[in-house]
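The values are calculated or read from the model by the stated rules, or taken from the named source; none is laboratory data. Just so it is clear, the structure is predicted and the values come from calculations on it, not from any experiment. Virtual Cβ from ideal backbone geometry, glycine too; neighbours counted across all protein chains shown.
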Amino acid sequence: MELNDLPCQSGEWMKGSGPESDIVISSRIRLARNIAEFPFIRRCGESDRTAINKSVLDRLKEIEALSDLQIIRVDELDDVDKQLLTERQLISREHAESTGTRSVAIDSGERLSVMINEEDHLRIQVMKSGLDLNAAWTQINEVDDQLESKLTFAFHDKLGYLTACPTNVGTGMRVSVMLHLPALVLTQQIEKVFRSLQKINLAVRGLYGEGSQAMGDFYQISNQITLGRSEEELIDQVADVVPMIIEYERRARDFLIEQDQQDLHDKISRAYGILCTAQTISSEETMHLLSSVRMGVNLGLIHDLRISDVNKLFVDTQPAHLQKLRGDELDTAGRNAERAMYLRRYIQEKEQNGGSENN
């Protein structure tokens, strides 16, 4: 897998093939781990960072099941390539923007990524399409066990795994589900849902996690507490709530169809029309319009696109992906024109082919 090939393929979470994928984009579990013999990253010198990077990569090569991971030195990438990995959810924004020796190991299906020298020495993450937390936990637990057989992680008998940020101490686990909730936004019920989540210690974040804004009606729901609870309890906490949010979103969609069908159809048709004809369009506007189109596909109002197509467009129209697909660096105006042209061509091709096949 080469970086230049990434924009031409669909990662696991983009395929829209998992359970409840009309509303749930992806399920992700992330584990924070630190190697006992080294200080936390913020106290590491460059020699420590280099030693940590080498130690982890050497251990990964020793584990047969992980030996085919693609290793990428993040600190040696240009800004566009760093942003490309961020847009595909393979590294965090912090990992992209940090300094010093750091790497990421990625599997060919983009389900597993291991960030080295992020906020912690290791950030292991597994992503699955749709609502599939149990499968994500099974995979990441196995990877964690394999790494722990080769590395000594910082661990306290009472506190659990020790992490750079106190909020991660304990399991070091973040369980998150990314949902597409346009109907709850349109019916102005979204804030009520968020307040309910906050009362049970679940966090709501944007498309790119902590500190990011919601775009295209995408929201990440994740646990806030990691200390004093088992991994299974944290997974259950999120897994028990998400089906209720899915049900609220489906009811809101039904309400819109019953009460405002003409307005809803008009909103979706206008969004589709703009995407088909725009000569220049920003990333933010594209996200909002694609959100309406994605709901239109799910409601059977748009027939030439599938969920996998819309998910792909969400990613391919992001700044770094556009520039990689074009093979050239573009300023803001250039990206807006290129984005509009890409959308027109993609949708026209799908219309001519009578709809696409699921990936």
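Out of all the residues in the stretch 256-276, is one or more of a type in the set (A, V, I, L, M, F, W, C) and farther than 30 Å from Y342 by Cα? Before you say what the answer is, go through the steps one by one.
Of all residues in the stretch 256-276, those of a type in the set (A, V, I, L, M, F, W, C) come to 256-257, 264, 268, 271, 274-276.
Now restrict to residues that are farther than 30 Å from Y342 by Cα: 256-257.
Looking through the stretch 256-276, at least one residue is of a type in the set (A, V, I, L, M, F, W, C) and farther than 30 Å from Y342 by Cα.
A residue that is within 20 Å of R59 (Cβ to Cβ) and charged (D, E, K, R) occurs nowhere in the stretch 131-138. Check the stretch 30-44 and report whether any residue there is among the basic types (K, R) and buried (at least 20 other Cβ atoms within 10 Å of the Cβ). So far as the stretch 30-44 goes, yes, one or more of its residues are among the basic types (K, R) and buried (at least 20 other Cβ atoms within 10 Å of the Cβ). Residue count for the stretch 76-125, restricted to those that are surrounded by 21 or more Cβ atoms within 10 Å (Cβ to Cβ), part of a loop (DSSP other than H, G, I, E, B) and out of contact with any Asp or Glu (no Cβ under 9 Å at 6 or more places or on another chain): 2. Taken over the stretch 156-193, the criterion of being in contact (Cβ under 8 Å) with a residue 60 or more places away in the chain and closer than 16 Å to F218 by Cβ is satisfied by S176, V177, M178, L179, H180, L181, P182, A183, L184, L186. Just so you know, in the stretch 126-153 the residues that are touching a Ser or Thr at 6+ places or on another chain (Cβ under 6 Å) and not in a loop (DSSP other than H, G, I, E, B) include one that is nearest to K15 (Cα to Cα), and it is S129.
Taking the conditions exactly as written (touching a Ser or Thr at 6+ places or on another chain (Cβ under 8 Å) and part of a helix (DSSP H, G or I)), does L60 satisfy them or not? Outline the logic, then answer.
Values: touching a Ser or Thr at 6+ places or on another chain (Cβ under 8 Å): yes; part of a helix (DSSP H, G or I): yes.
Against the criterion (touching a Ser or Thr at 6+ places or on another chain (Cβ under 8 Å) and part of a helix (DSSP H, G or I)), L60 qualifies.
Among the residues of the stretch 222-263, which ones are hydrophobic (A, V, I, L, M, F, W, C) and part of a loop (DSSP other than H, G, I, E, B)?
Step one: filter the stretch 222-263 for residues hydrophobic (A, V, I, L, M, F, W, C), giving 225, 227, 234-235, 238-239, 241-242, 244-246, 252, 255-257.
Once the filter is applied, which keeps residues that are hydrophobic (A, V, I, L, M, F, W, C) and part of a loop (DSSP other than H, G, I, E, B), the stretch 222-263 yields I225, L227.
Please state which one of V193, V242 is among the β-branched types (V, I, T), in the same structural domain as R30 (by TED's automatic domain parsing) and at pLDDT 95 or above.
Working: V193 fails: at pLDDT 95 or above.
Going through V193, V242 in turn, the sole match is V242.
Of all residues in the stretch 225-232, none are surrounded by fewer than 15 Cβ atoms within 10 Å (Cβ to Cβ), of a type in the set (S, T, N, Q) and touching a residue at least 60 places away in the same chain (Cβ under 8 Å).
Just to be sure before I move on: is S26 among the hydroxyl-bearing types (S, T, Y), farther than 30 Å from I245 by Cα and not in a loop (DSSP other than H, G, I, E, B) in the structure I sent? Let's see the steps before the verdict.
On the way: among the hydroxyl-bearing types (S, T, Y): yes; farther than 30 Å from I245 by Cα: no; not in a loop (DSSP other than H, G, I, E, B): yes.
The answer is no for S26.
State whether one or more residues within the stretch 303-312 are over 22 Å from the mean Cα position of the chain (by Cα) and free of Cβ contacts under 8 Å to residues at least 60 places away in the same chain. Yes: the stretch 303-312 contains one or more residues that are over 22 Å from the mean Cα position of the chain (by Cα) and free of Cβ contacts under 8 Å to residues at least 60 places away in the same chain. Within this structure, L57 fails the test of being in contact with a strand residue (DSSP E or B) (Cβ under 9 Å, 6 or more places away or on another chain) and closer than 25 Å to S129 by Cα. Candidates in the stretch 159-206 are the residues that are surrounded by 17 or more Cβ atoms within 10 Å (Cβ to Cβ) and among the basic types (K, R); of these, the one that is nearest to D120 (Cα to Cα) is R174.
Annotation for the stretch 21-29: no member residue is closer than 25 Å to E142 by Cβ, surrounded by fewer than 17 Cβ atoms within 10 Å (Cβ to Cβ) and at pLDDT below 95.
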